[in-house]
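Working notes, beginning with the structure itself.
The values are calculated or read from the model by the stated rules, or taken from the named source; none is laboratory data. Computed from a predicted structure; not experimentally measured. Cβ sites come from the backbone with ideal geometry, for glycine too, and all protein chains shown count toward neighbours.
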Amino acid sequence: MNRELIAAIDLGSNSFRLQIGRIVNDQIYPLDGIKEAVRLAAGLSPDRMLDAAAQFRGISALRCFNERIRDYPLDAVRAVATNTLRVAKNAPHFLVQAEAALGFPIEVIAGREEARLIYVGVAHTLPNPHKQQLVVDIGGGSTEFVIGKSFKPIALESLYMGCVSYSMRYFPEGRIDKRGLRDAELAAQKEIQTITHAYREVGWDEAVGSSGSAKALVDILELNGLSDGGITRSGLERLRNLMLKAGSLDNLHLEGLRPDRLPVLTGGFAIMWAVFQEFGLERMTFSEGALRLGVLYDLLGRYHHHDLRDATVSAFVERYGVDLAHAREVAETARAFLLQLEPSAADAENTDRRFLEWAAMLHEVGVSVAHSSYHKHSAYILGNADMPGFSRMDQGRLARMVLAHRGKLSRLGPLDPESQEWRLILCLRLSAVVHRARDGRGVPPLRLKREGRGFVIVADAEWLRNLPLTAAALDEEERQWQTIGLPVKMRVERSAPRSPAGI
């Protein structure tokens, strides 16, 4: 029986959560969990800067998590950050400190990727996942909407509204009045209206809520006799009246209302009310599955070499009409160059190798837009498209590599000169150069090796003499790398003469 521990960290806009799971025969059994009410979104200023107090709360929580998982292997932990760190202008500065405190890399994921992972988590907790489900997850800074069936999402959306941001904006100092509540509900309905028609067209058999706001509402409605089970329209109406009658959070005394949830209850309620109004719901069940469970199952897939990113790359190759034979040849040669520089990349799961192969397979997706400056179109697509399984930082890395695979290297100025990413770019550029003729010649007789802080390309003289265009392109590579201060030198060697037969 296979028993291994894996961990997911969810850096949400309201809470930071650590979930540890045990793998038993391809199933995950939650083993331990820690929750810290960080309220990161509360520290976001109107100009989208994260204040020092919120950053301190976040770093403190991650230091606690580190104590629990510091001995875990790198590939057994995945940390994802959501809406607040998607929008905060100083998120990069915070993430440097956050990764140091946690001891593991942190991925900022796009809204639709968050929605996909939420659905994966919810689907693994449903009694009948083969029904078509509408899943609604109200977070601190964004709300995710998914329609899915049989573990596969059909429609994914993330809207910029959350329980923390709405509570602060419409219910200052905990006041609850008719105007504030109505304004919050109408604002949420206006957001949801952008997807209402499309979602109603797809349809669903039942609605499911997940995460903190839905959990809080279920507890309050059931424990106070406002609902006969789950979240109901009539229960929400009764709770709405009780909230208005109380007039403030300080006067709201309800069974099941936890102190850490109290400050964001009103914003979460207003969004849920709008969900019921816009989608015409009468009832919603609750699922304990959420983003962190979805991250664990996604991590399990990577553990067992069923990485969704491979499927996404294959889908992009087909969608954008990539020349598959050429892409594979470029990938094979780029990989051969990397192995010359880094023997450890012989491991098929080596992260740098995987990114290099993905970039090679996708470097021509921009040809579908226009051949002129196609590398720029490719970079734009990879940086901005929805790519299931890839974080925003993953996509940014692919976009940089693809942008740099031809043309001027100086456009990558912000990339640290000491970054290991340059060697991947070199491998990809050289492979694109030698396969420009698309003649199917396979891996060329070139050797790539380090020399000081730069690299040397060793070419066979006879091979190079027969390919004058390739020789000119390799000379241009020397000049391009000089512009960024990273020396790449060409060295031509003559093949040893063959001995006459019989001697």
Discussion item. Report every pair of residues separated by at least 6 positions or lying on different chains whose Cβ atoms are under 8 Å apart, first residue within region 427-453 and on the phi > 0 side of the Ramachandran plot, second part of a loop (DSSP other than H, G, I, E, B) and surrounded by 11 or more Cβ atoms within 10 Å (Cβ to Cβ).
Written reply: ARG438/ASP323; GLY452/PRO487
Worksheet item: Picking from GLY413, GLY396, GLY383, GLY407, which residue would you name as being of a type outside the set (Lys, Arg), assigned by TED's automatic domain parsing to the domain that holds HIS363 and modelled with pLDDT of 90 or more?
Response: GLY383
Worksheet item: Could you say whether any residue in region 468-486 is under 14 Å from CYS427 (Cα atoms) and among the β-branched types (Val, Ile, Thr)?
Response: no
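Quick one: would you say SER419 is hydroxyl-bearing (Ser, Thr, Tyr), part of a loop (DSSP other than H, G, I, E, B) and in the same structural domain as ALA334 (by TED's automatic domain parsing)?
Against the criterion (hydroxyl-bearing (Ser, Thr, Tyr), part of a loop (DSSP other than H, G, I, E, B) and in the same structural domain as ALA334 (by TED's automatic domain parsing)), SER419 qualifies.
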Item to complete: Pick out the one residue from ALA360, ALA270, ALA311 that is buried (at least 16 other Cβ atoms within 10 Å of the Cβ) and closer than 30 Å to GLN133 by Cβ.
Response: ALA270
Fill in: Complete set of residues in region 99-122 that are among the small types (Gly, Ala, Ser) and either closer than 27 Å to ASN384 by Cβ or not in a helix (DSSP H, G or I) (or both)
GLY103, ALA110, GLY111, ALA115, GLY121
Item to complete: Kindly indicate which of THR312, THR351 is under 17 Å from the mean Cα position of the chain (by Cα) and without any contact (Cβ under 8 Å) to a residue 24 or more places away in the chain.
Response: THR351
Item to complete: Could you please let me know if LEU217 is under 22 Å from LYS149 (Cβ atoms) and touching a residue at least 12 places away in the same chain (Cβ under 8 Å)?
Response: no
Item to complete: Please state which one of LYS131, LYS149 is in contact (Cβ under 8 Å) with a residue 24 or more places away in the chain, farther than 23 Å from GLY212 by Cβ, assigned by TED's automatic domain parsing to the domain that holds GLU282 and not hydrophobic (A, V, I, L, M, F, W, C).
Response: LYS131
Practice prompt. Please find, within region 281-306, the residue that is nearest to GLU237 (Cα to Cα) out of those that are charged (D, E, K, R), modelled with pLDDT under 90 and surrounded by fewer than 24 Cβ atoms within 10 Å (Cβ to Cβ).
Written response: GLU288
Item to complete: Take the residues in region 6-42 that are free of Cβ contacts under 8 Å to residues at least 40 places away in the same chain and under 26 Å from MET161 (Cβ atoms), then tell me which one is surrounded by the most Cβ atoms within 10 Å (Cβ to Cβ).
Response: VAL38
Worksheet item: How many residues are of a type outside the set (Val, Ile, Thr) and within 24 Å of ARG86 (Cα to Cα) when one looks only at region 393-410?
Response: 10
Fill in: Test for PHE355: is it in contact with a strand residue (DSSP E or B) (Cβ under 8 Å, 6 or more places away or on another chain), at pLDDT 90 or above, surrounded by 17 or more Cβ atoms within 10 Å (Cβ to Cβ) and under 13 Å from LEU424 (Cα atoms)
no
Worksheet entry | Candidates GLU318, GLU278, filtered to the one that is surrounded by fewer than 23 Cβ atoms within 10 Å (Cβ to Cβ), of a type outside the set (Gly, Ala, Ser) and not assigned by TED's automatic domain parsing to the domain that holds GLY148 | GLU318
Discussion item. Against the definition (assigned by TED's automatic domain parsing to the domain that holds LYS131 and in contact with a helix residue (DSSP H, G or I) (Cβ under 6 Å, 6 or more places away or on another chain)), how does LEU221 come out, yes or no?
Written reply: yes
Item to complete: Go through the residues of region 38-48 one by one and say whether even a single one is in contact with a Leu (Cβ under 8 Å, 6 or more places away or on another chain), under 22 Å from SER391 (Cα atoms) and modelled with pLDDT of 95 or more.
Response: no
